[in-house]
Amino acid sequence: MTTLVRPPTSTTRPSLLSVSRDLSALVRPWFWPMSMAPVAFGSFLATHAWPSPGDWLRLGLVMLTVGPLVWASVFAVNDAYDVDTDRLNPRKAHSMAVRSRMTTESLVFRSLEAGLLAVVVAWLAAGVTFAFGTLVVVALGWAYSVPPLRLKARAGCDVLVNALVIGPVGILGGWQLERPMSQFPWAMGVLAFVVAAALYLPTTLIDLPADRAAGVRTTAVRLGERTTYGLSLAIWTLAVSGPIVLAALDYVFPRELLSFHVVTAPVLIALYADRLRRPSIAGLAVVAAALGLCFLRFVVALA
């Protein structure tokens, strides 16, 4: 059962710096690009063109939805139900609940508030379909953290949910802003899923000691460190091989990029293997940035 956390009573007014730190700890802005980039890429994939000035407001509202608002909802409910586990995890020392800055009830309320606002903004910016997709993502965020489902504590489900939401759901969301979903190239959805799975799975290694101590059966706890390491590397190898296959088929990826991806794939695999030896969020960010540069070459080729 989650421990009820009550903030300490104080008559001292918090400083602007303190409030900024608390807000940053709650919404984790360094994670926003993980959801914003796939949506932006999906929109570009549908049009092969940069957004016109007339679309900037809509795109800005979409980014507000899939970035700050959705992540605020997901992280707030996650922190609310992870208090006991996070106390054992040095990486989660920033948690508002661990630091007794917010109660469990307050975090749940903020999650509902941010999730509802995300759906409303999505509807105003991009219509019913995008709003429904946003609602599904918010609901999955709750299913990921809240008992009795609590998918994050079910081996395989933790990877599956994150890989779906960050990968194909994000790209499909950006695509449907411009074109019907029936025209979506599903090979890109599969590739996005594999990439997201390869980037998420090592995070279960980062938290392995704390999760094992707390009895949380994540994929890494279930499989063990060595097997999770090997599976992560295998999935990543499959991910960076995807563009090679698609470019060879001249499907989505133009054939002119074949040699580029043949050369960069071993570099990406070596970088991933190196960062996987001591997995960290910063190390995975470096890997994701390197992959992003490769996809930027794809964008330039199509623009």
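In the stretch 168-303, a dipole from Cβ-located charges (positive for Lys and Arg, negative for Asp and Glu) runs towards its positive end, and of Thr203, Gly292, Pro168 it is Thr203 whose Cα lies farthest in that direction. Length available on full extension from Val263 to Ser52: 0.36 nm per residue minus the Cα-Cα distance, which gives 72.6 nm. For the stretch 229-303, a simple Cβ point-charge model (Lys and Arg +1, Asp and Glu -1, everything else neutral) yields a dipole of about 240 debye relative to the Cα centre. Of the chymotrypsin sites (Phe, Trp or Tyr not before Pro) found in the stretch 184-281, the ones in coil according to DSSP and having at most 14 other Cβ atoms within 10 Å of their Cβ are Tyr251.
Were the residues from Leu135 through Phe109 laid out at 0.36 nm apart, the gain over their Cα-Cα distance would be 7.7 nm. Computed from the C-beta positions of Arg226 and Val299, the FRET efficiency with R₀ = 35 Å rounds to 0.40.
Modelled spin labels at Trp186 and Ala282, positioned 7 Å past Cα toward Cβ, are 4.2 nm from each other.
On a per residue basis, the chain carries 50 Å² of accessible surface, using protein heavy atoms and a 1.4 Å probe.
So if I take the centroid of the Cα atoms in the stretch 257-297 and the same for the stretch 207-233, what is the distance between those two points in Å? Here the answer is 23 Å between Cα centres. Against the longest alpha carbon principal axis of the chain, how many degrees, from 0 to 90 and to the nearest 10, is the axis of helix 70-81 turned? Value to nearest ten degrees: 40.
The values are calculated or read from the model by the stated rules, or taken from the named source; none is laboratory data. Not measured: the values here are computed from a predicted model. Cβ atoms come from the backbone with ideal geometry, glycine included; neighbour counts cover every protein chain shown. Accessible surface is based on the protein model in full, side chains and every heavy atom, while ligands, DNA and RNA are left aside. Shrake-Rupley method; radii C 1.70, N 1.55, O 1.52, S 1.80 Å.
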